[in-house]
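> The structure is given below, and queries will be raised subsequently.
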Amino acid sequence: MTVAGQRGFAVSLDQKRAHIFGVLFLITFITSIPALLLYQPVLDDPVGYIAGAGHDYRILFGVLLELLLIIANIGTAVVIYPIVRRQSEELALGYVTARLFECTFILVGVVSVLGIITLRQEVAGASEGTVAYTLAALKDWTFLLGPGWVVGWGNGLILGYLMYRSELVPRRAAWLGIVGGPLIIASGTAVMFGVDHPGGSLQGVATIPEFLWELFLGVYCTIKGFRPSSPILRADAREERIPMPGSAPA
């Protein structure tokens, strides 16, 4: 196989990773937003939920969606790591770590919701109502600390900077992440200290750039992949040649 053919194969592999990366990002949207809506009966009135007839299948479907969200979140980091580490191995590892931290918070929230379902299936008393309220509050905090804070570091600052420097996507779009990340962190911190309430106007406005950034990544990478002119894609084509069976060394 010629050197040119080896280069083309390497770039093609990167583009396959890019498309998978985009699809996984879109899956995070498809799973996260509906899951939050499905949880509302539990989060709005946890005591009433365990005392009433309940909507267990609805809540369990939300749990399933969040489990798929965890898989998609980790998948975005794993798929892109071999590419962005050419730009910065430290930041690439930081992105993987941020995703894992985010997923840890999500998983704790999932367990909290499952705990409320278990309480509903038992005899509800005064103590069970207190525990249900506590678990619902814990779920709210996991949302604040995971998607409402850690995401600002991972998907915003780290991934935005990596995409900007590597030019894997248009640089103008990468600014959405670079700007949106700090806004997410600042608004999440404001909610933590009681300056704003969860889902308030401040947090809602601050979330818009990050929302657009992640949506852009999902759509752009799914349809177009990464920009072929990116320096780290060209470096990969030169330095990480993948020999084919029977091909002579270059």
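The values are calculated or read from the model by the stated rules, or taken from the named source; none is laboratory data. Bear in mind that the values here come from a model prediction, so they are computed numbers and not experimental data. Cβ sites come from the backbone with ideal geometry, for glycine too, and all protein chains shown count toward neighbours. Accessible surface areas use protein heavy atoms only, side chains included; no ligands, DNA or RNA. Shrake-Rupley method; radii C 1.70, N 1.55, O 1.52, S 1.80 Å.
> Do we find a residue being open to solvent by less than 30 Å² (accessible area, probe 1.4 Å), out of contact with any His (no Cβ under 7 Å at 6 or more places or on another chain), not aliphatic (A, V, I, L, M) and not in a helix (DSSP H, G or I) anywhere in the range 86-108?
Yes, the range 86-108 contains a residue that is open to solvent by less than 30 Å² (accessible area, probe 1.4 Å), out of contact with any His (no Cβ under 7 Å at 6 or more places or on another chain), not aliphatic (A, V, I, L, M) and not in a helix (DSSP H, G or I).
> Criterion first (modelled with pLDDT of 95 or more and either under 22 Å from Ala35 (Cα atoms) or touching a Ser or Thr at 6+ places or on another chain (Cβ under 6 Å) (or both)) does Phe226 satisfy it?
In short, no.
> Leu114 versus (1) under 30 Å from Asp45 (Cβ atoms); (2) within 14 Å of the chain's Cα centre (by Cα); (3) surrounded by fewer than 16 Cβ atoms within 10 Å (Cβ to Cβ): which is the lone unmet condition?
For Leu114, the exception is condition (2).
> Against the definition (touching a helix residue (DSSP H, G or I) at 6+ places or on another chain (Cβ under 6 Å) and without any contact (Cβ under 8 Å) to a residue 60 or more places away in the chain), how does Gly129 come out, yes or no?
no
> Shifting gears a bit: Just name the residue that is surrounded by the fewest Cβ atoms within 10 Å (Cβ to Cβ) out of those in the range 17-63 that are outside any helix (DSSP H, G or I) and small (Gly, Ala, Ser).
Ranking the candidates gives Ala53 first.
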